[in-house]
Amino acid sequence: AEHIDAYLTRLSLTATRHHVRNVRGKLYRITNDCQFHVLSDMRGEVFEAWLVGVLHDGMAARTRNMYRAALRAFASWCVDTGRLVSHPLLKVPRANEKEDPRHQRRALSKDELKRLFLVARLRPVAEYGREVLSTTPAEGTVKRSNWARAPLSYETIEEAFARGESVLGTNPDELLTRTRLGLERSLIYKTLVYTGLRKGELASITRGQLELSSEPPHMILNAASAKNRKATKIPLPPML
């Protein structure tokens, strides 16, 4: 545990807090499950047996490789700092992610993006316009608990938005707040799509990092917030 804490302190100089927290969780799970109490306990065959066990429990190849990478990086640091004489995990094989794809990634179509932007914009107000449906059995007693709001769908959200505007008409401040919230959500999705920023990278952007009067307009992603730790100028297309 002392060596892991020292490693995480070193890692925090170059990695985000989120990454350090993830690595901490992985290292402590491995060392607890494999009974690695001291560095000399860390053996490749034990860790490989653990990987086989979590495979049988259903852990995806990509996730197993992330655990492998975390422990191997820790072991490499131990060698570099003289805590270990040799690397005990060099022969632990990497899982084949192509043979175990859990999520088939693809780009969204133009129609899907259009639907996403619309739903994000309408949803906060449309929540107030959801229809109320009766769940009372045909011969049952009508009670308040027998009523439920209908789920929203792409086909019904515009009608629900119109009803929501009507319902919130007596509370203009709440209507304005929810309308602005929808616009903000839609803008967040558009910015992610048109710039390629990650969620955390976008969250780091402040007003001072926007250069809207330059040609072309762009935003500046600081090195500390970028995954590759390099400052970048990101152009903003006209539609954004």
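The values are calculated or read from the model by the stated rules, or taken from the named source; none is laboratory data. Note that the structure is a prediction, hence the values are computed from the model and not measured. Positions of Cβ are backbone-derived with ideal geometry, glycine not excepted, and every protein chain shown enters the neighbour counts. Just the protein is used for accessible areas: all its heavy atoms, side chains included, with ligands, DNA and RNA removed. Shrake-Rupley method; radii C 1.70, N 1.55, O 1.52, S 1.80 Å.
Brief remarks on what is shown
- Rolling a 1.4 angstrom probe over the protein heavy atoms with all chains in place gives the chain an accessible area of 69 Å² per residue.
- Positive-end residue, the chain charge dipole about Cα centroid, Cβ charges, pick of LEU152, ILE4, VAL125: ILE4
- Helix 110-126 and the long axis of the chain differ in direction by around 70°, with both axes built from C-alpha atoms.
- Charge-dipole axis of segment 1-99 as Lys and Arg at +1 and Asp and Glu at -1 on Cβ define it, positive-most pick from HIS37, PRO93, VAL52: PRO93
- Pairs of lysine residues in the chain - Cα separation under 15 Å, sequence separation of 8 or more or cross-chain: 4
- Estimated FRET transfer efficiency when R0 is 51 angstrom, pair THR170-LYS98 (beta carbons, to 0.05): 0.35
- Global form of segment 180-240, assessed from the alpha-carbon gyration tensor, a/c cut-off 1.5: oblate
- Anisotropy class of segment 12-57 from Cα gyration tensor, a/c 1.5 cut: oblate
- Pairwise inverse Cα distances across the chain, averaged and inverted, put the Kirkwood hydrodynamic radius at 23.0 Å.
- Shape category assigned to segment 42-106 from the gyration tensor of Cα positions, a/c cut at 1.5: prolate
- Relative contact order (percent, whole number), segment 111-240, Cα cutoff 8 Å, 6+ residue spacing: 22
- Ligands, DNA and RNA left out, the 1.4 Å accessible surface of segment 1-132 is 51% carbon and sulfur atoms.
- Where only DSSP H runs of four or more residues are counted, the chain gives -16000 deg cm²/dmol as its mean residue ellipticity at 222 nm, each run worth -39500 (n - 2.57).
- Evaluated with a Cβ-only charge set (Lys, Arg +1; Asp, Glu -1), the chain carries a dipole of roughly 540 debye about its Cα centre, given to the nearest 20.
- Helix axis angle, 61-80 relative to the chain longest principal axis, alpha carbon, degrees: 40
- Inter-probe distance in nm under a simple model that places probes 7 Å from Cα toward Cβ, at ILE234 and GLU45: 4.9
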